[in-house]
1. Counting alpha carbon pairs within less than 8 Å and at least 6 residues apart, what relative contact order, in whole percent, applies to the chain?
2. Taking θ = phi - 60°, what integer Hz values does the Karplus form 6.51 cos²θ - 1.76 cosθ + 1.60 yield along the range 443-458, in sequence order, with x for Gly and Pro?
3. Under the 0.36 nm per residue contour assumption, what length would be gained going from the current alpha-carbon distance of E139 and R273 to full extension?
4. When the chain is fully extended, how far beyond the present Cα-Cα distance does K108 get from L255, taking 0.36 nm per residue of separation?
5. Using alpha carbon centroids, what distance separates the range 258-301 and the range 89-130, in Å?
6. Place a label point 7 angstrom from the Cα of A516 along the Cα-to-Cβ direction, then list the residues of the range 263-305 whose backbone nitrogen is under 19 Å away.
7. Quick check: the angle from helix 417-430's long axis to the longest principal axis of the chain, C-alpha only, nearest 10 degrees?
8. For the range 49-122, what does the accessible surface come to per residue with a 1.4 Å probe? Please give it in Å².
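The values are calculated or read from the model by the stated rules, or taken from the named source; none is laboratory data. Please read all numbers here as calculations on a predicted model, not as lab measurements. Here the Cβ positions follow ideal geometry from the backbone for every residue, glycine too, while neighbour counts run over all protein chains shown. What goes into the accessible areas is simple: the full protein's heavy atoms, side chains included, and nothing from ligands, DNA or RNA. Shrake-Rupley method; radii C 1.70, N 1.55, O 1.52, S 1.80 Å.
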Amino acid sequence: MDQSILLIIIGASSLVGGLLVGKLVFARNTKKQVEDAEAQAASILKEAELRAETVKKEKQLEAKERFVQLKADHDRELLEKNKKIGEAENRIKQNELNINSKVAALDKQIKDNDVIKEKLNREIDLVNVKRTELEKHQEEHIRRLEKIANLSAEDAKQQLIESLKNEAQTQALSLQQDIIEDAKQKANKEARKIIIQSIQRTAAEVAIENTVTVFNLESDEMKGQIIGREGRNIRAIEAATGVDLIVDDTPEAILLSSFDPLRREIARLSLQRLVADGRIHPARIEEVVEKTRRQLEEQIIEIGERTVIELGIHGLHKELIRIVGKMRFRSSYGQNLLMHSRETANLCGIMAAELGMNPKLAKRAGLLHDIGKVPDEETELSHALLGAKLAEKYGENPAVVNAIGAHHDEMEMQYVISPIIQACDAISGARPGARREIMQQYIQRIKDLENLAMNYQGVEKAYAIQAGRELRVIVEAEKVSDQTSDQLSFEIAQKIQTEMTYPGQIKVTVIREKRAVNIAR
C-alpha cells in the first residue's frame, strides 16, 4: 500500500512538472508568434504607406495633365468663337455697304423717274390737246356729211350693221346646210363601214337551241330499268326534274323534252349517273338529281369564270359571273343566250375600238346586256330594266348600267356606249338563222303555264310536260288534302281555259304524296 501511494505521488509530481514545462513552452511560442505578427503588421503598414504615397503622386500628375488639356481645349474654343464673331462682323459690315449702295441707287432711280414722269405728263397734255382738236374736226366733218346725205350718223351706222348682219346670216345658213349635209353623208358612210367591219370580224355559230335532248343507251334493256315497275322510276325522274322522258321505238335512245335547257341538262346528267351506277329506284333518283343540281351550280360558276377570262373582262362581281354562266342554259328566240351575249360583247369591243372609245367597257356592257333574262325570281320588270337594276346592285359602272337599261329604249341613253350596245344586240339577233320567233313564243307559253299553277297555295312544284299538253302540279301533303287536290286541279284547268291561249287540250294532274321518314341510329 505504501508503494501505491508512492507511485501516485510520483505520477502527480510528473503531471505537475509536465504541465509547468508545457506552459513555459506555450508561453514562449505565443510570445514569438506575437512578435512575428507585430513585425509583419509593421511591414504591411510601411508598404501601404509607400503605395499610398505612390498613388497620391500619380493622381496629382493625372490631375495636372487633365487641367492642362482642359485649358488647351478652352483656349481653342475661345479662339474659334472669336474667329466666328470676327467673320460675322465682317459680313455685317459688307451688308451695310451693299445696302447703302442700293439705297443710293434707288434714290437716283427715284429722281430719274420723277424727271420721266414730268416728261410723260407734258406729252399727255399735248396728246389731250391734239385729241380735242381731232374730235372737233371729226364732228365738223360728220355735220357736213349729214347735211349732204340728209341722214344722221347713227342711222347710217344702223343701216350698215343691218345690211352686214343679213348678209352674214344668209352666208352662215348656206354654209351650215352644206356642213350638215356633208356630215350626214360622211356619218352614214362611216357608220356602214364600221358595222360591216364589225360583222366581218366576228365569227358566230348559226345553230339554234332546241327543246329536245337525245340520251343514248348502250342497249334497249336499260329502257326497262329506267321505266321501272309500273312506271314508278320514270315518274320519279319526271317529278324530280320537270322533264318529259319519251321512251319510244327509237333504238338505244331516250328523248328528254323540256323548254328549259337547265332542266334537260340536270335530267341528262342524272340519267347518265343512274345508268352508270345501275341502282335505279325513286329514292336513289331523288338523291342523284339533287346532287346533280348542286354540281351543275358549280359548273355554272365555272362557265361564267371561263367566259369573262376569254373576253378579258376583270373585276366582275361573283353573282354576275354566276348569272353569266347561267346564260349557257337559257335561250332567246331559239338563240343560246350566252352565245348571243358573247357575240354582242365581241361586236361591241370591235365597234368601240373603231370609234376610238373604251373597248373593254363596251365589251363588259355587251356581255351583261341580257342578264335580266335569267332572274332567280320572277318579276314584273322587263329584262332590260331588271338587268340594269342587277348591274347597279353589284357595283357596275354607271355607263354599263345605262347601256343595259337603254338597249330596248326603256331608259334614256346617257352615255356614248349605250347606242353601241343597242346596235350590236340588233346585229347579233338579226343575222340569218340566229333566232326563231315561234320557239320563243312556245317557251314563254310553257313558262306562263307553270307560273299560273305556282300561284296557288300549297303548290310546291309545277312542270309543263308533253310539249305543254300536260301540267303536273306537285303539292305539299300537309297543306293540301285529297279532296282539295281535286278542287285544285279543277280550278287550275278553269283558269288556264279562261286566261291562256293554247292549241288542243291541256291535262292538269295534281300529285299529292305523303311520306313518313324516320332514321335508325
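1. The value is 9 percent.
2. 5, 5, 5, 5, 4, 4, 5, 5, 5, 4, 6, 5, 6, 7, 5, x
3. 37.2 nm
4. In short, 41.7 nm is gained.
5. Value for the Cα centre distance between the two parts: 102 Å.
6. Within reach of a label on A516, which here means backbone N under 19 Å from a point 7 Å along Cα→Cβ, the range 263-305 contributes 283.
7. Approximately 50 degrees, to the nearest 10.
8. 97 Å²
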